[in-house]
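Structure first, then comments.
The values are calculated or read from the model by the stated rules, or taken from the named source; none is laboratory data. Because the structure is a prediction, the values reported are computed rather than measured. When we count neighbours, we look across all protein chains shown, and the Cβ atoms used for this are built from the backbone with ideal geometry, even at glycine.
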Amino acid sequence: MVYGEATITDYAWVYGYARVFGMVSVSDNAEVYGNAEVYGDAEVYGDAKVYGDAKVYGYAKVFGYARVFDKAKVYGDAKVYEGAWVFDNAEVSGEAEVSGALVHGEATITEGKWTHGDITEVNCVKEAKRS
């Protein structure tokens, strides 16, 4: 379902039971499917995928071959990009940026830039490179 002021352009796809609403933009080969929800002023673009029961909302951006799936949440002003995966019950929020890393399990990231690591818990900074 796509409704409200949502914009779907440039070969983007929304299908299955996915819901896209608000001032959302889905573009540039991005996909939203399954039971995923994208709402608020969020953007999904650049070959990114949001699926499963994932939620992307607020002013969050998911782009650059990133994946958000399972029951993961990306919200606030967070950015997930450059092939990063956020999945399981993980959350990325606030002004956090995740690029090239895996964020999963019960991980919660709310600030800083996280790159190229496997982040599974709140305090698991030894396994990830934080910039």
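A count restricted to the stretch 1-40 and to residues that are of a type outside the set (A, V, I, L, M, F, W, C), modelled with pLDDT of 85 or more, within 21 Å of S99 (Cβ to Cβ) and assigned to a loop (DSSP other than H, G, I, E, B) stands at 1. A single member of A101, A66, A84, A96 is buried (at least 22 other Cβ atoms within 10 Å of the Cβ), modelled with pLDDT of 95 or more, over 8 Å from the mean Cα position of the chain (by Cα) and not polar (S, T, N, Q), and it is A84. In the stretch 81-101, of all residues being assigned to a loop (DSSP other than H, G, I, E, B) and charged (D, E, K, R), the one that is farthest from R67 (Cα to Cα) corresponds to E95.
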